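To start, the structure under review is shown below, and the notes come after it.
The values are calculated or read from the model by the stated rules, or taken from the named source; none is laboratory data. Note that the coordinates shown come from a computational prediction; the quantities given were computed from them, not determined experimentally. Quick reminder, even Gly has a Cβ in these numbers, built from the backbone with ideal geometry, and neighbours come from all protein chains shown. For the accessible areas, the whole protein counts, side chains as well, though only heavy atoms, and no ligand, DNA or RNA atoms are used. Shrake-Rupley method; radii C 1.70, N 1.55, O 1.52, S 1.80 Å.
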Amino acid sequence: MPKDGSVVRLDGEGKPLWLVLELTYRCPLKCPWCSNPVDYERCHPSELSTEEWKRVLREGRELGALQLGFTGGEPMLRDDLEELVGEAHALGYYTNLITSGVGLTEERLVALEAAGLNQIQLSIQSSDRSLTDALVGAKVFDLKLEVARRIKAHGFPMVLNVPVFRHNADQVEEILAMAEDIGVDYLEFANIQYYNWAMVNRDELLPTRDQLERAEAAVQRARERLGQRMTIYFVIPDYFEERPKACMNGWGAIHLTVAPDGAALPCQESRLIEGLEFPTVREHSLAWLWNESPTFRKFRGQEWMREPCRSCDEKERDFGGCRCQAFLLTGDACNTDPACAKSPHHHLIARAVEQAHAPGRRVVPLVMRSERSARELTEACGDA
């Protein structure tokens with residue numbers, strides 16, 4: 001599939017330009033592709049306090065961070081969100097709220113606007129009410145539409161994020177029509193990445209190549225028709241590519257995530273890599289974590305690379321792909337991302353695509369993200 005220009009590459013000149021604050025892992029939804037842990041309160045009972053988050057904000061600006069994302073879980077579950085937005089605004093960040101819409105009432109929207117919030121990214125899973133509600137495990141479709149129109153009415157840049165998978169890939173035209181009716185400014189079709197719960201459900205979630213080609217064609221027609229009225233991104237899934245994506249513009253290059261317990265992460269998925277330690281902002285300054293932490297230095301640059309990455313003339317563009325995906329599929333984060341056709345492990349991706357779409361494949365229900373499902377999966381693995 002051709003690249004569509006949706007991927008932006010930046011040289012951060014050693015600065016964490018994009019700072020993401022995962023304020024909480026609590027969430028009212030049960031999306032079966034989510035990466036957030038379900039037992040977080042038991043394993044990590046103490047979220048950062050308001051003052052601790054404010055210190056992170058100050059230290060981030062001192063490091064040169066410009067773009068700030070408030071996310072989760074569901075960040076609306078933090079009562080101090082407006083206060084944190086106000087602090088970030090005063091420090092000069094461009095602030096972005098990433099939300100399911102649950103809890104984003106008119107009152108809180110007014111307060112966030114007054115605090116200086118710049119942008120809101122709202123997720124929606126389908127143009128169909130019953131499918132959306134089934135996919136997230138809650139009746140929220142009508143609420144999401146109401147919140148979208150409310151965001152637009154308040155004059156925020158309206159960003160709609162649609163995770164793409166087999167169940168909704170054929171609805172792209174309907175989703176485009178819905179977005180146009182709302183008056184969306186930016187629409188992102190983001191094919192999901194297969195980690196955590198998405199990996200559990202990979203066989204059920206992987207779209208077919210035909211679905212993706214039809215979806216891309218629909219996006220291109222909409223771009224030609226709408227022109228500058230709506231910016232539409234279509235993030236191509238690397239399971240169907242010959243080369244890996246430039247994940248996070250390189251490990252520890254421009255992206256810094258702080259988890260609810262204060263752990264500093266090169267990306268939101270990096271905790272799945274065994275053997276890495278993740279010091280927190282309670283133990284170290286953000287500057288130390290970014291510049292000196294062994295975790296951030298582990299895959300920064302090219303010294304860690306093995307063949308075929310080490311001698312590849314594309315390593316400056318894709319940085320060897322995703323370290324998390326390499327570990328998840330091969331057991332070694334130093335391996336070339338199996339999404340790359342040059343990888344000796346590329347057959348793992350090809351086999352997954354083949355198995356997911358094998359004729360006569362038995363369709364099974366999606367495993368919803370919940371603590372009960374997690375326990376059952378753990379018990380099943382133990383029995384095996």
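Side notes on the structure shown:
- Computed over the stretch 203-334, relative contact order equals 23 percent, with contacts defined as Cα pairs under 8 Å that lie 6+ residues apart.
- For the stretch 265-384, taking the reciprocal of the average inverse distance between every pair of different Cα atoms yields a Kirkwood hydrodynamic radius of 17.1 Å.
- Compactness relative to 2.2 N^0.38 Å, alpha carbon Rg of the stretch 88-166: 1.16
- Of all aspartates and glutamates in the structure, the ones whose alpha carbon falls short of 20 Å from that of Lys54, not counting any fewer than 8 places away in one chain, are Glu22, Glu62, Glu74, Asp79, Asp80, Glu82, Glu83, Glu87, Glu113, Asp261, Glu283.
- Probe 1.4 Å, accessible area per residue of the stretch 223-288, Å²: 40 Å²
- Quotient of Cα Rg and 2.2 N^0.38 Å for the stretch 191-267, N being how many residues it contains: 1.42
- Entries in Lys30/Lys342; Lys152/Lys245; Lys298/Lys342 that, when Cα-Cα distance is taken, lie over 28 Å: Lys30/Lys342; Lys152/Lys245
- Cross-link reach list, aspartates and glutamates versus Lys315, counting only Cα pairs under 13 Å and skipping chain neighbours closer than eight places: Glu303, Glu307, Asp337
- Sulfur and carbon atoms: percent of accessible area, the stretch 113-234 [1.4 Å]: 46 percent
- The residues of the stretch 64-139 have, on average, 35 Å² of accessible surface per residue, using a 1.4 Å probe with all protein chains present.
- Rounded to the nearest 20 debye, the dipole size of the chain about its Cα centre is 520 debye, using +1 on the Cβ of Lys and Arg and -1 on the Cβ of Asp and Glu.
- Rg ratio for the stretch 134-292: its Cα radius of gyration over 2.2 N^0.38 Å, N being its residue count, equals 1.23.
- Contact order relative to length of the chain, as percent, for alpha carbon pairs under 8 angstrom and 6 or more apart: 19 percent
- Whole-Hz Karplus values for the stretch 317-326 come out as 9, 10, 6, x, x, 8, 5, 5, 5, 4 Hz, taken residue by residue from phi with 6.51 cos²θ - 1.76 cosθ + 1.60 and θ = phi - 60°; glycine and proline positions read x.
- Separation between Cα centres of the stretch 128-144 and the stretch 228-242, rounded to whole Å: 24 Å
- Net charge, Asp79 excluded, C-beta distance under 13 Å - Lys, Arg +1, Asp, Glu -1: -3
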